[in-house]
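Right, one structure below, let's go through it.
The values are calculated or read from the model by the stated rules, or taken from the named source; none is laboratory data. Remember, predicted model here, so these are calculated numbers, not experimental data. Neighbour counts run over all protein chains shown; Cβ positions are idealised from the backbone, glycine included.
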Amino acid sequence: MIDKIILTFLISQLIGCASIGPDIIQASGNDYNIAIQRTSDEQLLLNLVRLKYRDTPFFLEVNSVSSQFKLFSEAGISANFKKQNTPENIGLSGKLNFTEQPTVTYLPLHGDEFIQKLLAPISLETILLLANSGWSVERIMRLTVQNINGIPNAPTASGPTPKMAPEYTDFLSIASLFRELQNKGAFQLAYKKTEKNKQATIVFNNKQEELVAQVRKKLNLDEQNSYKLSLGQGISNDKKRIVLSTRSLLGVMYFLSHSVDVPDKDKIDGKVTITQDKSGKDYDWYDLTQGLFKINSAAEINKEIGIGTNYRGSWFYIDDSDLDSKSTFSLLTQLFSLQSGNAEGITPVLTLPIGN
């Protein structure tokens, strides 16, 4: 009888160990996933704030994560016997402990290759890839394009905070038109096959001719449905082509850094550049980034913080209910991954045959 009790007890201990192991791994894996994702977001936000103060950005990425689990178990049994060799009482005891030894390796992102990717203009391939992945074409254009057919989108905002307000109002109306057309399914961004290669192309259909006519007028285009897309500077003499000048990844980050709400004390102390409009008044950068992005500041952390970081004695954060800012920040993280990683050869799936 005693043998059966002991055997049952030991089996229960082994079963308990077998079930605890997977639970530990699952909980630990989720915790690492959440911690690394949040740390990466906070680092990116921190670098945007640094750029506002003209401080040097610095990037770390998690290179590897490993963890060792050590499981210790003990089992015991005790009994008091009468003279007839029958147990008067039996005591069972058990102990189960585990320890975790994590190792996280960080890799600084630096060197010629990374700097070149940081400073290189965003490619048409990246823009088309994002647009065909479901992102708002208006959000993509406002973020990545600083000039379309000679119409500027705050090109001076692609660097340290300028002293004079940028030009962008005409561009915003064009980006808004493209978003309206996108919502109505009135155009496609694709690659058109040619005899030698593939040409980035925008193709309008006949669903929204009035809106398309407005786009043609603003961009000085001929009346047709298909236009070539290319990278360049200034105004194109080819009325069958749309020429884009794109920001670099660092330019995109500078552009978004202007939306940082700097504490008044730092403005008074001259720690940031104060931009002025044509009348000489202080310019509000939210006029440029409204509906796109906003970084708030506070003396202390509060419950409204979605993503936050502490810098120069203040908290800078994206409000958890500011869905536009959170969407733009998510798009920025994807741009960062595409530009800082090896994304060569990645193109949208949609390809139009010759003659279309």
Check: Condition test on VAL145, is it surrounded by 16 or more Cβ atoms within 10 Å (Cβ to Cβ) and either at pLDDT 75 or above or in contact with a strand residue (DSSP E or B) (Cβ under 8 Å, 6 or more places away or on another chain) (or both)?
Finding: yes
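Show me the helices (runs of 4 or more DSSP H) entirely contained within the range 95-165 in which 2 or more residues are more than 21 Å from GLU61 (Cα to Cα).
So the answer is 124-131, 137-144.
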Check: Residues in the range 155-175 that are out of contact with any helix residue (DSSP H, G or I) (no Cβ under 6 Å at 6 or more places or on another chain), hydrophobic (A, V, I, L, M, F, W, C) and surrounded by 15 or more Cβ atoms within 10 Å (Cβ to Cβ): how many?
Finding: 3
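State whether the residues of the range 175-197 include one that is among the hydroxyl-bearing types (Ser, Thr, Tyr), part of a helix (DSSP H, G or I) and assigned by TED's automatic domain parsing to the domain that holds TYR254.
yes
Do you know which residues across the range 307-323 are within 27 Å of MET141 (Cα to Cα) and crowded, with 17+ Cβ neighbours inside 10 Å?
Step one: filter the range 307-323 for residues within 27 Å of MET141 (Cα to Cα), giving 307-308, 316-323.
Of everything in the range 307-323, those that are within 27 Å of MET141 (Cα to Cα) and crowded, with 17+ Cβ neighbours inside 10 Å turn out to be ILE307, GLY308, PHE316, TYR317, ILE318, ASP319, ASP322.
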Item checked: Residue count, the range 303-326 (criterion: more than 22 Å from PHE255 (Cβ to Cβ) and out of contact with any Gly (no Cβ under 9 Å at 6 or more places or on another chain)) -> 5
Note to self: So, in the range 188-210, exactly how many residues are over 31 Å from the mean Cα position of the chain (by Cα), of a type outside the set (D, E, K, R) and surrounded by 13 or more Cβ atoms within 10 Å (Cβ to Cβ)?
What the structure shows: 2
Check: Applying the selection to the range 288-314, what residues are in contact (Cβ under 8 Å) with a residue 60 or more places away in the chain, over 18 Å from the mean Cα position of the chain (by Cα) and part of a strand (DSSP E or B)?
Finding: TYR311
Notebook entry, point to check: Quick one: what pairs do we get from the range 182-204, first residue modelled with pLDDT under 90, second among the basic types (Lys, Arg) and not in a strand (DSSP E or B), C-beta under 9 Å, 6+ apart or different chains?
Noted result: none
Notebook entry, point to check: Can you pull out the residues in the range 259-311 that are out of contact with any helix residue (DSSP H, G or I) (no Cβ under 8 Å at 6 or more places or on another chain) and of a type in the set (Lys, Arg)?
Noted result: LYS265, LYS267, LYS271, LYS278, LYS281, LYS303
Next item on the list: Go through the residues of the range 38-49 one by one and say whether even a single one is at pLDDT 85 or above, touching a Pro at 6+ places or on another chain (Cβ under 9 Å) and surrounded by fewer than 17 Cβ atoms within 10 Å (Cβ to Cβ).
Entry: no
Next item on the list: Report yes if some residue within the range 206-222 is on the phi < 0 side of the Ramachandran plot, in a loop (DSSP other than H, G, I, E, B) and at pLDDT 90 or above; otherwise report no.
Entry: yes
Notebook entry, point to check: Can you find even one residue in the range 243-255 that is more than 30 Å from ASP277 (Cα to Cα) and either surrounded by 14 or more Cβ atoms within 10 Å (Cβ to Cβ) or touching an Asp or Glu at 6+ places or on another chain (Cβ under 7 Å) (or both)?
Noted result: no
Next item on the list: Quick one: which residue in GLU138, GLU125 is within 24 Å of the chain's Cα centre (by Cα), surrounded by 19 or more Cβ atoms within 10 Å (Cβ to Cβ) and not β-branched (Val, Ile, Thr)?
Entry: GLU138
